[in-house]
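The values are calculated or read from the model by the stated rules, or taken from the named source; none is laboratory data. Worth saying up front: this structure is predicted, and the values here are computed from it rather than measured. Glycine also receives a Cβ, built like all others from the backbone with ideal geometry; neighbour counts cover every protein chain displayed. When the accessible area is computed, the model is the full protein with side chains, heavy atoms only, and any ligands, DNA or RNA have been set aside. Shrake-Rupley method; radii C 1.70, N 1.55, O 1.52, S 1.80 Å.
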Amino acid sequence: MARPARGRSVERAKTDDSLRIERKKSDDTRKAHRASAERAADGVVDHARAVADAVLSAARLTADHASLRPRGRGQAGAVVGERARADRAVRGERATADVTLRTDRKDQADALAALLVHERAVTDAYLVTERARSDDAVANRDDFLGMVAHDVRNLLNGVVLSLELLRPSDDEPAPHVAAAANRIRRYVARMNRLIGDLVDLTSIDAGKLAMAPIAGDAAALVAEAADAFQPAALEKGVTLSAEIPAGTLLAVFDHDRLLQVFANLIANSIKFTPLGGKIGLRVDVGRGMFRFCVSDTGPGIPAPMLNAVFERFRQVGANDQRGQGLGLYISKCIVEAHRGRIWAESELGKGTRMYFTLPVSGARRSVSPGRDPVRGHARVPRRGKGTTDRRRRS
């Protein structure tokens, strides 16, 4: 069965554009160098000819002055005629030499152009072949990864189910049993997140990152993210708070995907913020965009790394083994798929602020008296259990 062709990725389009630009620059540079060399050669020839003409004129003048015998009119005319014939012969030889030189130059330029076309055609053929092989290898990898992710997730779900079945009949298990069960749940959750990141990375490479945007409340999303990570922050010994304006912040977004962005940003802040530190969540409205911020009081990010942290497999520390360097890259792809932007601001020793934006889709509504500014409104409808996994495997 033939494998469907993969779409032309953004990276390949950039590579092709870069290759065309570099070839054009190379051609322009080659032509400029050739024209400069020809002008220099012509200048040398013209100078040599001028010197030769000057030497010839001086020699003729010297010969005329050296002759003391008076010349008759016929004799003088013969000399002038002979010199005119010599000058015509020289001009003819020079014209022939110029034609030959121009012909040689044109032949060399045509031969070089033909050679470049041939070499570029060979390079393009090699490039197409390598891309086809790479596509086939990546497609095989994607198929294999999809099957493995599906099977491993099923096994992890079986581990969690078995863990629940092994719970003792009494309401309060022994402390060491409860601690072990919580560790298993955390390990399973981490493995599920890693599998999800790998599947998302494959989807991004294929240009098929699944999105299901619907109208929702951005304020409720921030509150939900803060609630979800409050236990992890307390366990680490840091304070997690959210600053959310009153009212419903209407926007169109994929609830689970933006919650994934918050999860990556908050998890990073918890990871790098020391004991007793603070993490803050905030959302502002302005210029047709919602601007979200996750700030912390961690060690900060060096200025050269502020953009690099959003690249895949990049870590702030070269030897940092506390992650795979995929979370921020995936977050960047998700935010850009929502027509937003994500960036970092930081100062060493004074913490980090991670920002991302989301277009505003509606007017901000006021809150009814007596209602909670966030939870008093209905949240975005959640997908059914297991929907996220099915979407990522598709």
Provide the packing ranking of 192-200, 262-270, i.e. peptides ordered by the mean count of other C-beta atoms within 10 Å per residue, highest first. 262-270, 192-200
Taking the Cβ of residue 95 as the centre, find all other residues whose Cβ is under 13 Å away and add up their charges (Lys, Arg: +1; Asp, Glu: -1). +2
If each residue of separation counts as 0.36 nm, what is the full-extension length gain between residue 120 and residue 162 once their alpha-carbon separation is subtracted? 9.0 nm
Share of the stretch 115-197's accessible area from carbon and sulfur, percent, 1.4 Å? 64
Rounded to the nearest Å, what's the spacing between the alpha carbon centres of the stretch 146-166 and the stretch 212-274? Just the number, please. 27
Apply the Karplus parameterisation 6.51 cos²θ - 1.76 cosθ + 1.60, with θ equal to phi minus 60°, to every residue of the stretch 36-48 and state each ³J(HN,Hα) to the nearest whole Hz, in sequence, with x for glycine and proline. 5, 5, 5, 5, 5, 5, 4, x, 5, 5, 4, 5, 5
Estimated vicinal HN-Hα couplings, Hz - the stretch 138-144 in sequence order (Karplus 6.51, -1.76, 1.60; Gly, Pro = x): 5, 4, 5, 4, 5, 4, 5
The stretch 153-197: D in µm²/s via Stokes-Einstein (Kirkwood Rh, Cα pairs, 10 °C, 1.306 mPa s)? 141
Under the 0.36 nm per residue contour assumption, what length would be gained going from the current alpha-carbon distance of residue 128 and residue 102 to full extension? 5.5 nm
By a straight-distance test (C-alpha under 26 Å), which lysines pair with residue 208 as possible cross-link partners, with residues fewer than eight away in the same chain excluded? 14, 332, 385
From Cα pairs below 8 angstrom and at least 6 apart in sequence, can you work out the relative contact order of the stretch 234-279, rounded to a whole percent? 70
Over the stretch 212-256, what percent of the accessible surface lies on carbon and sulfur atoms, probe 1.4 Å? 64
Within straight-line cross-link reach of residue 106, aspartates and glutamates at Cα separation under 18 Å, skipping those fewer than 8 residues along the same chain: 27, 28, 38, 42, 98
Sequence-distant or interchain residues sharing an amide H contact under 5 Å with residue 243, placed H: which? 281, 282, 283
Could you list which residues have their amide H under 5 Å from that of residue 217, counting only those 5 or more apart in sequence or on another chain, with H placed in the peptide plane? 380
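If I stretch the segment between residue 63 and residue 215 completely, what's the gain in nm (0.36 nm per residue apart, minus their alpha carbon distance), one decimal?
Full-extension gain reported as 44.4 nm.
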How compact and how long is the stretch 208-352, expressed as Rg and Dmax of its alpha-carbon atoms in Å? 14.9, 44
Take peptides 340-347, 325-332, 89-96 and line them up by average Cβ neighbours within 10 Å, highest first, as a rough protection proxy. 325-332, 340-347, 89-96
